[in-house]
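A.B. asks: Below you will find the structure I want to go over with you.
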Amino acid sequence: MKHAVRALEPSMSEQPAPAAHHLRQQLEPAAAEAVRAYAARTRESADQLAAVLEDIAANGLPSAEDCTPWEDLREAHLARLAHQRPAVA
C-alpha cells in the first residue's frame, strides 16, 4: 500500500500575524487631538480617584454626615447629561 505525500501548508491559525505597523491607520489631526484630550481627562479622573483611595487608606472612611448621598450624585449626573444632550421631541 502506497501512501500519498502532500505538501504541508500552515493552517490559518499557524500563519504569522502581519506586522502591526501595516494594520495601523493614522487619525486625522482633529481626531488625534480629541483622543489626546480624552486621555488627559481620563488620566485626571484616575488621579482623583487614586487620591481619594489613598486618603481612605491613610485616614479611614469618612463619616456618613460628611458624604453626599448617592441618590443626590445620581440626580446631579443625570441633570448634567440632560443638559449636554436635550431630549428630542
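Per-residue answers, yes or no, for (1) small (Gly, Ala, Ser); (2) in contact with a His (Cβ under 9 Å, 6 or more places away or on another chain); (3) surrounded by 10 or more Cβ atoms within 10 Å (Cβ to Cβ); (4) at pLDDT 95 or above:
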{"position": "46", "(1), (2), (3), (4)": "yes, no, yes, yes"}
{"position": "62", "(1), (2), (3), (4)": "no, no, yes, no"}
{"position": "67", "(1), (2), (3), (4)": "no, no, yes, no"}
{"position": "71", "(1), (2), (3), (4)": "no, no, no, yes"}
{"position": "79", "(1), (2), (3), (4)": "yes, no, yes, no"}
{"position": "84", "(1), (2), (3), (4)": "no, no, no, no"}
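A.B. asks: In addition: With 28, 14, 33 as the choices, which residue is at pLDDT below 95 and open to solvent by 100 Å² or more (accessible area, probe 1.4 Å)?
C.D. replies: On the way: 28 fails: at pLDDT below 95; 33 fails: at pLDDT below 95.
None of the others qualify; the one that does is 14.
The values are calculated or read from the model by the stated rules, or taken from the named source; none is laboratory data. Worth saying up front: this structure is predicted, and the values here are computed from it rather than measured. All Cβ positions, glycine included, derive from the backbone under ideal geometry; neighbour counts span all protein chains shown. With ligands, DNA and RNA removed, areas are computed over all heavy atoms of the protein, side chains included. Shrake-Rupley method; radii C 1.70, N 1.55, O 1.52, S 1.80 Å.
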